[in-house]
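Okay, structure first, notes after.
The values are calculated or read from the model by the stated rules, or taken from the named source; none is laboratory data. Model, not experiment: these values are computed from the prediction. Methodologically, a virtual Cβ is constructed for each residue, glycine included, from the backbone with ideal geometry; neighbour enumeration extends over all protein chains shown. SASA here: full protein model, heavy atoms, side chains in, ligands and nucleic acids out. Shrake-Rupley method; radii C 1.70, N 1.55, O 1.52, S 1.80 Å.
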Amino acid sequence: MTADTRELNQLAVALEQNIPEAERGMVAIVARGALNVKNDWRANAIATAGKHARLYPYSISYDPLPFPGGAQAEIGPDKGRPQGALGNLLEYGSSKNRPHNDGGRALLAEAPRFAAQVEALTDRLGRL
C-alpha cells in the first residue's frame, strides 16, 4: 500500500517555517476560548445558581498561563471571591444536590469554535 503524502509534507514545512506566528496565533486562540468559556460558564451559573448562590457566577474567572511554545488557561470559580468556594459543590453536586455542570456545558459549547479557529490558523499558515 502506498499513500501520497506530498500535501502533508508541504503543510509540515509551512508550519515549521512559521513557528513564531503559529505560537502567537495559538496564544490568541486559547485566550479567546478561555474568555468564551468563562463568559458562558458565568451565564450558565446565573441561570442555575438560584438565590442562595447569587454571587457565585461572579467568582468565575480565568487566568491565561502562557508557556514557551504555546498557551493554556485555568478557568473556574476563584475561591478568593464571594461564594467562589461553592464551585465544586455547584458544578459536581453532592449526595444532596444535583450537579449543575455549568462549566462542563460551557466547555462543550466552546469546543467546536476552538477547533474551527485552530483549523483556520493551520490552513492560513499552511498557505503562507
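With (1) open to solvent by 30 Å² or more (accessible area, probe 1.4 Å); (2) over 26 Å from residue 11 (Cα atoms); (3) free of Cβ contacts under 8 Å to residues at least 60 places away in the same chain as the list, and residue 111 as the residue in question, which single condition is left unmet?
Failing condition for residue 111: (2).
Which of the residues that make up the stretch 48-87 are farther than 12 Å from residue 30 by Cα and of a type in the set (Asp, Glu)?
78
Please name all residue pairs, on different chains or six or more residues apart, with Cβ atoms under 7 Å, provided the first residue is in the stretch 42-56 and is closer than 13 Å to residue 97 by Cα and the second residue is open to solvent by less than 40 Å² (accessible area, probe 1.4 Å) and of a type outside the set (A, V, I, L, M).
So the pair list comes out as 48/100; 48/102; 49/56; 49/57.
When you check residue 47 against the structure, is it under 23 Å from residue 125 (Cβ atoms), open to solvent by 30 Å² or more (accessible area, probe 1.4 Å) and small (Gly, Ala, Ser), yes or no?
No.
Can you pull out the residues in the stretch 72-86 that are open to solvent by 80 Å² or more (accessible area, probe 1.4 Å) and in a strand (DSSP E or B)?
72, 74
Answer with yes or no whether residue 19 is aliphatic (A, V, I, L, M) and open to solvent by 50 Å² or more (accessible area, probe 1.4 Å).
Details: aliphatic (A, V, I, L, M): yes; open to solvent by 50 Å² or more (accessible area, probe 1.4 Å): yes.
Considered against the rule, which asks whether it is aliphatic (A, V, I, L, M) and open to solvent by 50 Å² or more (accessible area, probe 1.4 Å), residue 19 comes out as yes.
So which of 49, 120, 53 ends up being within 30 Å of residue 12 (Cβ to Cβ), modelled with pLDDT under 95 and not polar (S, T, N, Q)? Please lay out each step first, then the result.
Details: 49 fails: within 30 Å of residue 12 (Cβ to Cβ); 53 fails: within 30 Å of residue 12 (Cβ to Cβ).
Step by step, each of 49, 120, 53 is checked, and only 120 is within 30 Å of residue 12 (Cβ to Cβ), modelled with pLDDT under 95 and not polar (S, T, N, Q).
List every residue pair whose Cβ atoms lie under 7 Å apart, where the two residues are 6 or more positions apart in sequence or sit on different chains, the first residue falls within the stretch 76-104 and is in contact (Cβ under 8 Å) with a residue 12 or more places away in the chain, and the second residue, located anywhere, is outside any helix (DSSP H, G or I) and among the β-branched types (Val, Ile, Thr).
76/60; 77/60
Would you point out the residue of the stretch 61-71, among those that are modelled with pLDDT of 90 or more and not small (Gly, Ala, Ser), that is most open to solvent (accessible area, probe 1.4 Å)?
As a first pass, look at the stretch 61-71 and keep what is modelled with pLDDT of 90 or more: 61-63.
Pick out the ones that are also not small (Gly, Ala, Ser) and you get 62-63.
Working: 62: 64, 63: 80 Å².
By that ranking, first place goes to 63.
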